[in-house]
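I have placed the structure first, in the form of structure tokens, so that the comments after it can refer back to it.
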């Protein structure tokens, strides 16, 4: 069996909703990431045998197989195919899994797993015929027979139920959010994020700019203002989830080049990491965001590792309660969890986040001379994807 390895991994900076990338179409954003990836890797695009793209809201400018549109827009040969998949927030992490599995099977020598989401230009739920109110989360448009079988609720309400079950308080979630911004700000100042591609956009006045770091990071978090934010999903005030301790709505793209190790080395490429585990799990669709717990355990078992063996952990900060409940169960060293901040600080452009966190994790492992990294993400409808990489 062929051994798939990561050869290169990049992402654009993540832009705020309505921010620097407000005038950039998602296919253009992904094309920029694809071109940046092959340029950094030094690979001829004609060698790429498939591009697997993850996008959650496949409607409007993100419809019509946006992955293939971006490949053509990037100027890749027309012989390079592409497909777009939707495993919700884990979409581009799953895309990398699919790319590596194709290589492990011997079907391909080089493939790209990537993702894109412009939440500014293609709002959440527009694939369900329009953006509903935040309370329904689009579920009102699902099959009534399904809703009779499953108590499907908005993820924000799931995050509140997690807080109740694990006895997580408002001070806990706000503290994690402030730390996320602190770590992300420090990483940006030190220019640690070598995975980021400089990407053109517009400033607030409409002037051309090159964005080189994530737009949503706050260098200083005002604790009083954070504490004063109103809860979103429990407006009566008995909840903990606010806009300040949840992931930011963002725009961005990411891409990971995977190759067969033997062939890549023969072609002069230097492998950077190999896959020790690739998993996806299903979990309670009402609690919805707790799948990160069994996914982590499953990935560690497959890799033959313990949580203490890990040097770097990326868990997507969809909501602070997700990270805190996971940490309560897994007991990790929190200094190794999102060391450069997470989605609360840098944003969560849905389909782009998976490959983006993988690129970030690999850059972090190299920066700190770490060996093992875990990436795990909660997903809508009660799923989770997890990957363990071993740096080579």
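The values are calculated or read from the model by the stated rules, or taken from the named source; none is laboratory data. Note that this is a predicted model, so its numbers are computed, not measured. Virtual Cβ from ideal backbone geometry, glycine too; neighbours counted across all protein chains shown.
Evaluating residue 152 against the criteria (1) closer than 20 Å to residue 345 by Cβ; (2) buried (at least 17 other Cβ atoms within 10 Å of the Cβ); (3) touching a helix residue (DSSP H, G or I) at 6+ places or on another chain (Cβ under 9 Å) leaves one unmet condition, (1). Inspection of region 98-106 identifies no residue that is surrounded by fewer than 24 Cβ atoms within 10 Å (Cβ to Cβ), free of Cβ contacts under 8 Å to residues at least 40 places away in the same chain and within 20 Å of the chain's Cα centre (by Cα). Flag not set for residue 297, criterion: in a strand (DSSP E or B) and in contact with a helix residue (DSSP H, G or I) (Cβ under 9 Å, 6 or more places away or on another chain). All conditions but one from (1) in contact with a helix residue (DSSP H, G or I) (Cβ under 6 Å, 6 or more places away or on another chain); (2) surrounded by fewer than 18 Cβ atoms within 10 Å (Cβ to Cβ); (3) at pLDDT 95 or above apply to residue 81; the one that does not is (1). Take the conditions farther than 25 Å from residue 380 by Cα, part of a loop (DSSP other than H, G, I, E, B) and at pLDDT 95 or above and apply them to residue 201. Does it pass? Against the criterion (farther than 25 Å from residue 380 by Cα, part of a loop (DSSP other than H, G, I, E, B) and at pLDDT 95 or above), residue 201 does not qualify.
When the criteria are applied in full, residue 158 fails the requirement of being within 24 Å of residue 89 (Cα to Cα), under 18 Å from the mean Cα position of the chain (by Cα) and at pLDDT 95 or above. Being farther than 19 Å from residue 370 by Cβ, touching a helix residue (DSSP H, G or I) at 6+ places or on another chain (Cβ under 9 Å) and crowded, with 16+ Cβ neighbours inside 10 Å: is that true of residue 272 here? It is false that residue 272 is farther than 19 Å from residue 370 by Cβ, touching a helix residue (DSSP H, G or I) at 6+ places or on another chain (Cβ under 9 Å) and crowded, with 16+ Cβ neighbours inside 10 Å. For region 187-194, check the following and say yes or no: at least one residue is under 16 Å from the mean Cα position of the chain (by Cα) and either at pLDDT 95 or above or part of a loop (DSSP other than H, G, I, E, B) (or both). Checked region 187-194: at least one residue is under 16 Å from the mean Cα position of the chain (by Cα) and either at pLDDT 95 or above or part of a loop (DSSP other than H, G, I, E, B) (or both). Filtered by the rule that a residue be in a strand (DSSP E or B), touching a residue at least 40 places away in the same chain (Cβ under 8 Å) and within 16 Å of residue 22 (Cα to Cα), region 204-259 gives 209, 211, 250, 251, 252, 253. I need the full set of residues from region 69-93 which are in a loop (DSSP other than H, G, I, E, B), over 9 Å from residue 54 (Cα atoms) and touching a residue at least 24 places away in the same chain (Cβ under 8 Å), in order please. Passing the criteria: 74, 75, 76, 77, 79, 80, 81.
Set side by side, the residues 257, 229, 211 differ, and just one is in contact with a helix residue (DSSP H, G or I) (Cβ under 7 Å, 6 or more places away or on another chain), over 21 Å from residue 336 (Cα atoms) and surrounded by fewer than 24 Cβ atoms within 10 Å (Cβ to Cβ), which is 229.
For region 41-67, the set of residues classified as free of Cβ contacts under 8 Å to residues at least 60 places away in the same chain, assigned to a helix (DSSP H, G or I) and in contact with a strand residue (DSSP E or B) (Cβ under 7 Å, 6 or more places away or on another chain) consists of 66, 67, listed by residue number. Given the conditions (1) surrounded by fewer than 20 Cβ atoms within 10 Å (Cβ to Cβ); (2) farther than 27 Å from residue 21 by Cα, and given that residue 279 satisfies all but one, which numbered condition is not satisfied? Result: residue 279 passes all but (1).
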